[in-house]
Amino acid sequence: DVKVTQSSRYLVKRTGEKVFLECVQDMDHENMFWYRQDPGLGLRLIYFSYDVKMKEKGDIPEGYSVSREKKERFSLILESASTNQTSMYLCASTGDRTNYGYTFGSGTRLTVV
Amino acid sequence: AQSVTQLGSHVSVSEGALVLLRCNYSSSVPPYLFWYVQYPNQGLQLLLKYTTGATLVKGINGFEAEFKKSETSFHLTKPSAHMSDAAEYFCAVRRISSGSARQLTFGSGTQLTVLP
């Protein structure tokens with residue numbers, strides 16, 4: 001079964017810490033995405049990547065960065081975590097030949113205290 | 001620009017009743033439209049999608065949606081609700097941007113409650 005795997009289901013971090021969220025897909029997909037999900041706001045795009053080492057800002061990139069050194073792995077980095085980054089983070093991927101059908105990971109619920 | 005509006009952040013139906021979740025979109029290009037479902041503590045799962053061809057699309061778990069260009073709508077229906085349908089549902093539209101990635105724009109979601 002094809003999968004998108006997020007390394008942690010729950011994380012608790014302190015304000016000011018550097019936080020890494022990891023996402024790995026095994027479908028050889030070109031495109032990978034990071035979203036945050038908050039009640040009443042739906043999914044908001046943070047960053048995306050359409051190829052190795054390529055990255056583009058989404059709608060809410062402030063306070064975040066990303067890394068894609070290998071095709072299967074897309075990392076989201078919170079440079080200095082703040083309480084307003086407490087959220088559910090979802091990773092997704094899709095291939096150039098899958099007609100936009102996304103496969104999502106199970107999500108990481110991050111709490112910043 | 002492309003956008004999606006889901007009418008009703010919460011919908012309640014009785015078990016066995018019709019499910020109707022509303023989605024309206026705007027798009028400057030022929031739209032690709034999607035419905036995703038999210039069960040508690042899980043990621044999103046694709047229910048169905050419309051890209052081209054037949055405007056009535058059937059998906060998993062007995063759901064279907066009809067693309068109506070004149071109404072710019074893509075409402076999700078199921079004839080008879082089951083308790084296991086309780087979840088959050090998201091409508092999405094293909095997003096055209098300067099980048100190459102296949103981006104989607106998501107609606108704010110509709111929480112479906114099924115009453116016994």
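Structure notes:
- Among the residues making up region A:51-99, those that are in contact with a Lys or Arg (Cβ under 9 Å, 6 or more places away or on another chain), charged (D, E, K, R) and more than 25 Å from A:Asp28 (Cα to Cα) are A:Asp59, A:Glu79.
Residue by residue, here is whether (1) outside any strand (DSSP E or B); (2) crowded, with 21+ Cβ neighbours inside 10 Å holds:
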site: A:Glu17; (1), (2): yes, no
site: A:Cys23; (1), (2): no, yes
site: A:His29; (1), (2): yes, yes
site: A:Phe48; (1), (2): no, yes
site: A:Glu56; (1), (2): no, no
site: A:Tyr89; (1), (2): no, yes
site: A:Thr111; (1), (2): no, no
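- Residue count for region A:40-84, restricted to those that are away from every other protein chain (no Cβ under 11 Å) and out of contact with any strand residue (DSSP E or B) (no Cβ under 7 Å at 6 or more places or on another chain): 6.
- Scanning region B:37-50 for residues that are surrounded by 19 or more Cβ atoms within 10 Å (Cβ to Cβ) and more than 14 Å from the chain's Cα centre (by Cα) yields a single hit, B:Gly43.
- Residue check, A:Ser65 over 13 Å from A:Gly105 (Cβ atoms) and not in a loop (DSSP other than H, G, I, E, B): yes
- Tally of residues being assigned to a helix (DSSP H, G or I) and touching a Gly at 6+ places or on another chain (Cβ under 6 Å) across region A:69-87: 0
- Near pairs, Cβ below 6 angstrom, 6+ apart or cross-chain, from region A:3-21 (small (Gly, Ala, Ser)) to any residue that is at pLDDT 95 or above: A:Ser7/A:Glu22; A:Ser8/A:Thr108; A:Gly16/A:Ser80
- Scanning region B:1-36 for residues that are surrounded by 17 or more Cβ atoms within 10 Å (Cβ to Cβ) and over 22 Å from A:Tyr102 (Cα atoms) yields B:Val11, B:Val13, B:Val19.
- Residue among A:Ser80, A:Ser67 that is free of Cβ contacts under 8 Å to residues at least 24 places away in the same chain and more than 20 Å from B:Phe106 (Cα to Cα): A:Ser67
- Scope region A:80-103; condition modelled with pLDDT of 95 or more and over 19 Å from A:Val52 (Cβ atoms); matching residues: A:Ser80, A:Ala81, A:Ser82, A:Thr83, A:Asn84, A:Gln85, A:Thr86, A:Ser87, A:Met88, A:Tyr89, A:Leu90
Conditions (1) buried (at least 21 other Cβ atoms within 10 Å of the Cβ); (2) more than 13 Å from the chain's Cα centre (by Cα); (3) at pLDDT 95 or above, marked per residue:
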position	(1), (2), (3)
B:Val57	yes, no, yes
B:Ala65	yes, no, yes
B:Lys69	no, yes, no
B:Leu76	yes, no, yes
B:Pro79	no, yes, yes
B:Met83	no, yes, yes
B:Ala86	no, yes, yes
B:Cys91	yes, no, yes
B:Ile96	no, yes, no
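- Filter pass, B:Ala65 being more than 24 Å from A:Gly105 (Cβ to Cβ) and out of contact with any strand residue (DSSP E or B) (no Cβ under 8 Å at 6 or more places or on another chain): no
- Condition met for A:Leu110 (under 10 Å from the mean Cα position of the chain (by Cα) and at pLDDT 95 or above): no
- Candidate set from region A:92-107 (those that are facing chain B (nearest Cβ under 7 Å) and either in contact with a helix residue (DSSP H, G or I) (Cβ under 7 Å, 6 or more places away or on another chain) or among the polar types (S, T, N, Q) (or both)); member that is surrounded by the fewest Cβ atoms within 10 Å (Cβ to Cβ): A:Asn99
The values are calculated or read from the model by the stated rules, or taken from the named source; none is laboratory data. Source: prediction; values computed, not measured. Heads up, the Cβs are rebuilt from the backbone with ideal geometry, glycines too, and the neighbour counts pull from every protein chain shown.
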